[in-house]
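The numbers here are math on the coordinates, done by the rules we state, and not lab data. On a predicted model such as this, the values are computed, not experimentally measured, just so you know. Methodologically, a virtual Cβ is constructed for each residue, glycine included, from the backbone with ideal geometry; neighbour enumeration extends over all protein chains shown.
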Amino acid sequence: MYSKTRIYPFTEDFYHKAIIKDSYEGRLFKLRNAIDHADYVVIGAGARLSAAAGIAYGGKRFTDSFTDFIARYGLTDMYSSAFYPFQTEKERWAYWARHILMNRLDMPATNSYRRLFSIISEKDYFVITTNVDGQFEKSGFDKERIFAVQGDYAYLQCADRCHEKLYYNENLVRKMVRQTTDCRIPSGLVPHCPVCGGKMDVHVRKDHYFVQDNQWYASYERYQDYMEKVCDGNALLLELGVGYNTPTIIRFLFERLAAQRKNITLVRINKDYPDAQNRMTNWVSFDENIGSILSDIGT
């Protein structure tokens, strides 16, 4: 399933034939048809799906909620702020608590994710996502059919990975946000590892200290088992908003499978990166707005 396949150079002529030549209505028909006839649907979701759903990390949403941090530290958006070198743990957790509360704990299921669930809820599906905001589970997707490969904002871990265990953080995060003053939390709220006493971190993959607990491995095994079935049936790989931050997890794998097997159709929805590296006939690409496409599928 994961054997290498030849990569062909992407050309402007191929782009024209594969994408631009088909009308939006024609591509939408192909997508509907692929969903209707699929025995299996694999959803691969990246950051641009959540951004299109309204979970934007910049702009007014950021400036309205982080005015004090912007004034003190010159922060410009929530993505780069996650890497800001705060001098103290009190400052770092004051920022992260608000980030987690805003993007994970208090963010309800968005319309785009709910529409996606309504479209494929009756199908045999599985989700692999690099998003860490919990939107799939909130929107009704079965948690046993979700592999959140990059982690989840709702959990903490030992920053040094001294043990493979996660800690649900909602109560602590809400206390931190309530007691934030002058961009700092009280020292008594700074989390420490219960095993080694060291620093804690948000459960997001950023280095080799990322914790993969028993649940992570169980999800991984379910995903692997599902992908084995996909290779033997009529399958749709529905890729939504996956860019090039970590393309090997979803983007390149989906292309490779579709290029190798004619029973697999790849549908890529990506406003910024709708192209493909592999030469394929069994794929459809959209560079239109994700939310609009999800709305139009059901009409």
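Distance in nm between label sites at residue 282 and residue 207, each 7 Å beyond Cα in the beta-carbon direction?
For the pair residue 282/residue 207, the computed spacing is 4.3 nm.
Per-residue HN-Hα couplings for segment 237-243, Karplus 6.51 cos²θ - 1.76 cosθ + 1.60 at θ = phi - 60°, whole Hz, x for Gly and Pro?
Ordered by residue, 3J(HN,Hα) equals 9, 9, 9, 10, x, 9, x Hz.
Could you tell me which Cys residues in the chain have no other cysteine's Cβ under 4.7 Å from their own Cβ, answering none if every one has a partner?
So far as the 4.7 Å Cβ criterion goes, 183, 231 stand without a partner in the chain.
Counting other Cβ atoms within 10 Å, which GluC sites (Glu not before Pro) in segment 72-145 have at most 11 and lie in a DSSP loop?
Of the GluC sites (Glu not before Pro), the ones in loops of segment 72-145 whose Cβ has at most 11 other Cβ atoms within 10 Å are 122.
Bin width 5 Å, alpha-carbon pairs only: give the P(r) of segment 123-253 as whole percents, running from 0 to the bin holding the largest distance.
For segment 123-253, the binned pair fractions read 2, 9, 16, 19, 18, 13, 10, 7, 4, 2, 1, 0 percent.
Between residue 83 and residue 175, what length comes free when the chain is fully extended (0.36 nm per residue of separation minus the Cα-Cα distance, one decimal in nm)?
Here the segment from residue 83 to residue 175 would lengthen by 30.8 nm.
State, to one decimal in nm, how far the label point of residue 39 lies from the label point of residue 56, with both points 7 Å from Cα in the Cβ direction.
Once both label points are built, they end up 4.3 nm from each other.
Could you please rank 130, 248, placing first whichever residue has the fewest other Cβ atoms within 10 Å of its Cβ?
Values: 130 22, 248 8.
So the residues, fewest neighbours to most, are 248, 130.
Modelled label-to-label distance, residue 23 and residue 271, 7 Å Cα→beta-carbon offset: nm?
In this crude label model, residue 23 to residue 271 measures out at 2.4 nm.
Among the trypsin sites (Lys or Arg not before Pro) within segment 197-239, which fall in a DSSP loop and have no more than 13 other Cβ atoms within 10 Å of their own Cβ?
Sparse-neighbourhood loop trypsin sites (Lys or Arg not before Pro): 206.
Go through 60/199; 138/165; 90/138 and tell me which ones have a Cα-Cα distance over 25 Å in this structure.
Correct reply: 60/199; 90/138.
What are the chymotrypsin sites (Phe, Trp or Tyr not before Pro) within segment 65-119 that DSSP puts in a loop, where the Cβ has at most 13 other Cβ atoms within 10 Å? Mind showing how you got there, number by number?
Working: sites: 66, 69, 73, 79, 83, 86, 93, 95, 96, 113, 117; in loops: 66, 83, 86.
Taking segment 65-119 and a limit of 13 other Cβ atoms within 10 Å, the loop chymotrypsin sites (Phe, Trp or Tyr not before Pro) found are 83.
Mean residue ellipticity at 222 nm from the helices of the chain, using -39,500 (n - 2.57) per DSSP H segment of n ≥ 4 over the full residue count, to the nearest 500 deg cm²/dmol?
The helix-only estimate for the chain comes to -10500 deg cm²/dmol at 222 nm.
To the nearest 20 Debye, how big is the dipole of the chain about its Cα centre, given +1 on the beta carbon of each Lys and Arg and -1 on that of each Asp and Glu?
Magnitude of the dipole: close to 260 debye.
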